[in-house]
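Undergrad: The structure's right below; bear with me while I get my questions together.
The values are calculated or read from the model by the stated rules, or taken from the named source; none is laboratory data. In this text, all values refer to a predicted model and were calculated from it rather than measured experimentally. Because the Cβ atoms are built from the backbone with ideal geometry, glycine has one as well, and the counts that use them run over all protein chains shown. We work out accessible area using only protein heavy atoms, side chains counted, and drop any ligands, DNA or RNA first. Shrake-Rupley method; radii C 1.70, N 1.55, O 1.52, S 1.80 Å.
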Amino acid sequence: MRNLLILIILTLTSQLYAQNFVSIEGYIQDAEDDNPVAYSHVIIKDSGTGTVANEDGQFIFKIPISRMQDSIQFSAIGYKSESLLVTDIKDRSNVLIKLSPESKILDEVLITPIDPRALIKTLANNIPANYGTSATKLTGFYRETVKINDQFYSYLEGVIEAYKTGYDNQSIKSDQVKIIKGRRRENKIIQDSTRLPPNINSGPLTIHSYDLIKRRANFINAKKSKFYTYELTDITTYNGKDIYVVDFKATKPSKKAVAFGKLYIDIDTKALLRADYQFNAAGVEALNKNVTNGKGSNFIVTAKSLQVVVDYEIPKGKGLINQLRIKMGFDYYIKSLALTDYMEINLHLITTASQRGNLPPFTKAEIFRSKRAFANYLGEEDPNFWENYNILKQDKRLKEVFDN
């Protein structure tokens, strides 16, 4: 009787989820070579509701029943976007989207010379107008994987909510995160109790600490841009808009110029849509000053590299952080064994829904302060575990290691 009761409850729960949303799964490919368009965006058009394709171009998108008459927009920088009405999708379990590359010739678009440094200053000055001054609450999905000597060791993932004050406020002290639910998995096959890695604190708070628009990172800061050189190198497209591609690097080795990379800037609004950058030697040195080895620790940890890609969407004219990917490399010397291993941490955070306005912050009890909250669920995947939340679909590499 008890088993029958459990079965009935599970069935009712499943039916409840099914009534609230429609699930659509598929692939996004390059129309010319059929390669996956990794990390492309899947959103309900003109909204902040969406998800992101994984490394293999696969996505799963749960659409509220109330949005069934809307269009889904599939987009990536450098491609023509595609849109489909939800009601026009017949096979919701195997949607194939082909995105066509769209190139621009720099000289054809660029009629008058552009001063890249002046462009950066305009970008910085337009931040409150482009990203909004009211508070924002974001729902998102977070995943963190750890590799040891190029072998997957563990990963954790979870649904989060983030509270952000307006973008006229450069401080993140009042910005918060809370955990809705999460879980952790470990690859027990390769674990050696004598070579357990150190605990590197990163976590979902990166949605604030790596929001470079909110924090006015040096290379997009009107006052500090003097420490960098900028070069307009290309014109590309995103959702039908022309986008400047600006390369930047330190003018000279300096503690005030710690990165190099590319900025993707909307030609019309001067809003930043993507920053793809990594730390230079000065940046890695600064990163190491924040690496602490606890008293009596068996490890000496040394940061080796940091690479970041952060994307912003501009739904209804107000920008929000849409996707964050971070790769960090560390050497750690194990004193008891007198050997050094290499650890790579990959973080991927996506925004799946948003709301703006006069929003209250989270209560003190709700605020996330430690990633241990992610360990509240262990074991095999429950098909209903993520409920109606949008998530980042597992790529093939993770499935091969952790689901077998």
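Undergrad: Going by what's in this entry, would Gln323 be described as modelled with pLDDT of 95 or more, polar (S, T, N, Q), at negative phi and open to solvent by 60 Å² or more (accessible area, probe 1.4 Å)?
TA: no
Undergrad: Still on this structure, please answer the following. In segment 224-235, is there at least one residue being more than 22 Å from Gly78 (Cα to Cα) and open to solvent by less than 10 Å² (accessible area, probe 1.4 Å)? Talk me through it step by step, then tell me what you get.
TA: Initial filter on segment 224-235 (more than 22 Å from Gly78 (Cα to Cα)): 224-229.
Within this subset, residues satisfying the condition of being open to solvent by less than 10 Å² (accessible area, probe 1.4 Å) are 225, 228.
Yes, segment 224-235 contains a residue that is more than 22 Å from Gly78 (Cα to Cα) and open to solvent by less than 10 Å² (accessible area, probe 1.4 Å).
Undergrad: Looking only at segment 233-262, which residues are in contact with a strand residue (DSSP E or B) (Cβ under 8 Å, 6 or more places away or on another chain) and closer than 27 Å to Ser71 by Cβ? First the steps, then the outcome.
TA: Step one: list which residues in segment 233-262 are in contact with a strand residue (DSSP E or B) (Cβ under 8 Å, 6 or more places away or on another chain), which gives 233-239, 241-251, 257-262.
Ile235, Thr236, Thr237, Tyr238, Asn239, Lys241, Asp242, Ile243, listed by residue number.
Undergrad: Follow-up question, since we're still on this one. Quick one: in segment 329-375, of everything that is in a loop (DSSP other than H, G, I, E, B) and aromatic (Phe, Trp, Tyr), which residue is modelled with the lowest pLDDT?
TA: In this case the residue turns out to be Phe368.
Undergrad: Now, a different point. Does segment 173-202 hold any residues that are at pLDDT 85 or above and in a loop (DSSP other than H, G, I, E, B), and which are they?
TA: Lys173, Ser174, Asp175
Undergrad: If you go through segment 283-310, how many residues are surrounded by 17 or more Cβ atoms within 10 Å (Cβ to Cβ) and within 25 Å of the chain's Cα centre (by Cα)?
TA: Selection size over segment 283-310: 8.
Undergrad: To continue, here is another question. Only one of (1) out of contact with any Lys or Arg (no Cβ under 7 Å at 6 or more places or on another chain); (2) at pLDDT below 90; (3) open to solvent by less than 70 Å² (accessible area, probe 1.4 Å) is not met by Thr145, so which one is it?
TA: (2)
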